[in-house]
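Asker: Take this structure, written in C-alpha cells, and hold onto it; I'll ask about it next.
The values are calculated or read from the model by the stated rules, or taken from the named source; none is laboratory data. All figures in this text were calculated on a predicted structure; none of them were measured in a lab. Virtual Cβ from ideal backbone geometry, glycine too; neighbours counted across all protein chains shown.
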Amino acid sequence: DLVLSLKESLKPQKNYVFYCQSCGDIIVKDRKFLRVLPLPSENWSALVEEWCCHPDPFARSTLHPRHDDCFLGDTFFLLNSGIESHLPKSPIVICKRCKTMLGETVSSDVIKYYVTEVIIRPSEGSFSPTPRSQFVQSMVAQCLVELSSAKSTFRFTIKGNDGKICILIWLLNSDTLLVESLGSSFSHGVFTQFGDIFMPTSGPVGTWNAVKVLYQPCIKSRNKE
C-alpha cells in the first residue's frame with residue numbers, strides 16, 4: 001500500500017475510519033470532519049517574542065480541536081473524543097485488542113494520535129495490513145522530507161516518551177531510487193550500468209523511492225550527552 005501523508009489522506013466532508021496499524025482494530029469509526037487544519041510547528045511558541053512587541057497573546061490559549069475538527073501536526077494529529085467514548089484514566093492511549101500504544105491524552109476531551117501507530121482509510125474502503133517495518137519507515141521518511149522542504153533543515157532528533165533524545169538524524173538525500181531484480185535468485189542483484197541507470201540482466205524490476213540518512217544512536221555507553 002502507498003502510505004499517504006495526512007494532508008493527502010484527510011479531507012473535510014468525508015467519512016473516515018481509523019485503524020490500529022499493528023492489528024487492524026477499529027479505533028474511530030465513520031468520522032466526518034468539517035475542518036482539517038495544520039498546526040503550527042511544535043516550537044512555534046518559542047518564536048512568539050520575535051513577532052510580538054507586547055506580552056505573548058497566546059500564553060493562555062490552546063489549539064484544541066472541536067468535535068468536527070482534526071488538527072494535523074508533523075508527527076501526530078489531534079482529535080476531539082466528543083461523545084464517542086470516555087477517555088482513559090491513564091494519559092497513555094492503547095489499542096484495546098493488541099495493547100499497542102497509539103497516543104496520549106492532551107486534555108479532558110482531546111487525544112493525540114501518533115502517525116506511526118494509526119492508519120486512516122475512507123469509510124467506503126477496506127483495511128489491508130502493511131508490514132510494520134515498511135509502514136514506520138515510510139512514515140518517518142515522509143516526515144523527514146516534508147520537514148526539510150518546509151523548514152530548509154536537514155538535521156533532526158527523535159525523542160522518546162520521556163523527552164530524551166534517542167537518535168540524531170542527518171538527511172543526506174531525499175530522491176534516492178532503489179532498484180531490485182525480482183527474477184530468479186541467479187539474476188538477483190546482478191546489474192549492468194547504463195549511464196546513471198542500473199538495469200537487471202534478467203527478470204522483472206521492482207523500484208522504490210527512498211531517503212538516504214546518516215544517523216547516530218544516543219546510547220549512554222557511547223554518548224555521554
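Asker: Do we have Gly82 as surrounded by 12 or more Cβ atoms within 10 Å (Cβ to Cβ), closer than 22 Å to Asn161 by Cα and modelled with pLDDT under 90 here?
Answerer: no
Asker: Let me ask something else. Considering each residue of the range 31-64, count those that are within 15 Å of Leu10 (Cα to Cα) and either modelled with pLDDT of 90 or more or part of a loop (DSSP other than H, G, I, E, B) (or both), and give that number.
Answerer: 8
Asker: Would you pick out the residues in the range 167-182 that are surrounded by 11 or more Cβ atoms within 10 Å (Cβ to Cβ) and under 21 Å from the mean Cα position of the chain (by Cα)?
Answerer: Ile167, Leu168, Ile169, Trp170, Leu171, Leu172, Ser174, Thr176, listed by residue number.
Asker: Scan the range 91-147 residue by residue and report those that are more than 25 Å from Pro12 (Cβ to Cβ) and without any contact (Cβ under 8 Å) to a residue 12 or more places away in the chain.
Answerer: If the condition is that a residue be more than 25 Å from Pro12 (Cβ to Cβ) and without any contact (Cβ under 8 Å) to a residue 12 or more places away in the chain, then Ile94, Lys99, Pro131, Ser133, Gln134, Gln137 are the ones that fit.
Asker: Say whether the condition of being in a loop (DSSP other than H, G, I, E, B), out of contact with any strand residue (DSSP E or B) (no Cβ under 6 Å at 6 or more places or on another chain), modelled with pLDDT under 90 and surrounded by fewer than 13 Cβ atoms within 10 Å (Cβ to Cβ) is met by at least one residue in the range 98-112.
Answerer: Yes - at least one qualifying residue is present in the range 98-112.
Asker: Considering only residues that are among the hydrophobic types (A, V, I, L, M, F, W, C) and not in a helix (DSSP H, G or I), which ones fall in the range 119-169?
Answerer: Ile119, Ile120, Phe127, Phe154, Phe156, Ile158, Ile165, Cys166, Ile167, Leu168, Ile169
Asker: Continuing with this model, one more query. Which number in (1) assigned by TED's automatic domain parsing to the domain that holds Asp25; (2) surrounded by 13 or more Cβ atoms within 10 Å (Cβ to Cβ) marks the one condition that Ser90 misses?
Answerer: Failed condition: (2).
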